[in-house]
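K.L.:
I'd like to ask some things about the structure below.
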Amino acid sequence: MTVKLIATDMDGTFLNNQGEYNRTWFKKIYAELQRRGIQFVIASGHQAVELVDFFNDFPEMWMIGGNGAELMNTQAGLTAETFSATATQQILATLADYPEIQIALCGTKTVHVLEHADPGFIAAMRNYYYQLETVADLTTVTDPVVKFDIICAPAMTDQLVYELTPKLAGIAVPASGGQGSMDLIQPGMHKGRALKLLGNRLGIRSTEMVAFGDGTNDLEMLRYVDTGVVMGNAPANMQTQGDTVTESNEQDGVLSYIENEILRK
């Protein structure tokens, strides 16, 4: 297989547990990928504008944000699919039955949370998202919403996905990012779809792609590409969903795989 595009999730995959990556090693690998004409793509639940800022040393890099709803690079700008105002209100009405959960409404630039939300949740969201605003009532937010970020008790995650799936059918799809967190994304707006759109734009087929991930929100992407690589730190049930398993995010599994399985061949 000739590899022309490599896509990777961020948290738990490309980034270590401190939210960083081996910058020296990556810079070397990225230069070689550029020399060979191989695209390196970030595919994350983070906002695309935040991803561009995080990787500002690599302005030609493509970013898939909002778990597939956003596509951006510095030259092309941002394209985004958002929930309708009606759908946003329907989702908020459904989530009102779960007062124990914490909710963030994620727009293309600003993320909104309740001003009386759990302080730890607000702090975590400020650390995760590029621009955060607190509001008295989420139903008053007029910014178009790319996705909903939900934090809940870890033991509640699977049951919440189970309950919300039929309640929001046709409106939103729950995508678990691991025990204790999930996104509500637009139907069909996943990382696999975004990779297909990007591939069409760049003239790259799925058979020429490799992708890395660790969570269920990476499944469509892992299944779309020729080689789906699951991280060694992923849950056991996830490690059966890809074509192969690499080392953990703490061991720079993405960079190790690229160097050993792609660049040396």
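K.L.:
What does segment 95-136 give for Rg and for Dmax, in Å, if only its C-alpha atoms count?
P.N.:
10.0, 29
K.L.:
Using +1 on the beta carbon of Lys and Arg, -1 on that of Asp and Glu, and nothing else charged, what's the dipole of the chain about the Cα centre, debye to 20?
P.N.:
Numbers: 18 positive and 32 negative charges, 216 e Å.
It works out to roughly 1040 debye.
K.L.:
Could you state the number of Å between the C-alpha centres of segment 1-70 and segment 150-206?
P.N.:
Rounded to whole Å, the Cα centres lie 20 Å apart.
K.L.:
What per residue convex hull volume, in Å³, do the alpha-carbon atoms of segment 30-114 yield? Intermediate results must be reported in sequence, preceding the final value.
P.N.:
Working: hull volume 9.1 nm³, N = 85.
So the per-residue hull volume is 107 Å³.
K.L.:
Please give the direction-averaged projected area of the C-alpha convex hull for segment 88-206, in square nanometres with one decimal.
P.N.:
Working: hull surface 33.1 nm².
With the hull built on Cα positions only, its mean projection is 8.3 nm².
K.L.:
What's the local net charge at Leu92, with K and R +1, D and E -1, over the other residues with C-beta under 14 Å away? Working shown, then result.
P.N.:
Details: positive: Lys147, Lys167; negative: Asp97, Asp137, Asp143, Asp149.
Computed value for this residue: -2.
K.L.:
For the chain, which whole percent of the accessible surface, found with a 1.4 angstrom probe, sits on carbon and sulfur atoms?
P.N.:
Working: 5710 of 11810 Å².
Of the solvent-accessible surface of the chain, carbon and sulfur hold 48 percent.
K.L.:
Placing +1 at every Lys and Arg Cβ and -1 at every Asp and Glu Cβ, with all other atoms neutral, what dipole size does segment 91-157 have around its Cα centre, in debye to the nearest 20? Mind dumping the intermediate values first?
P.N.:
Values: 3 positive and 8 negative charges, 52 e Å.
Here the size comes out at about 260 debye.
K.L.:
So for segment 89-248, taking the charge dipole from beta-carbon charges (+1 Lys/Arg, -1 Asp/Glu), which of Leu202, Pro174, Leu222 sits furthest toward the positive end?
P.N.:
With unit charges placed on the Cβ atoms, the residue in question is Leu202.
K.L.:
What aspartates and glutamates could a cross-link reach from Lys196, if we take a straight Cα to Cα line under 18 Å and drop same-chain neighbours fewer than 8 places away?
P.N.:
Asp9, Glu70, Glu81, Glu208, Asp218, Glu220, Asp226
K.L.:
Separate question: With every protein chain present, what is the per residue accessible area of the chain (1.4 Å probe, Å²)? Intermediate values should be presented prior to the final figure.
P.N.:
Working: 11810 Å² over 265 residues.
Heavy-atom SASA per residue in the chain reads 45 Å².
The values are calculated or read from the model by the stated rules, or taken from the named source; none is laboratory data. Everything numeric here is computed off the predicted structure, so don't read it as measured data. Because the Cβ atoms are built from the backbone with ideal geometry, glycine has one as well, and the counts that use them run over all protein chains shown. All accessible areas refer to the heavy atoms of the entire protein, side chains included, with ligands and DNA or RNA removed. Shrake-Rupley method; radii C 1.70, N 1.55, O 1.52, S 1.80 Å.
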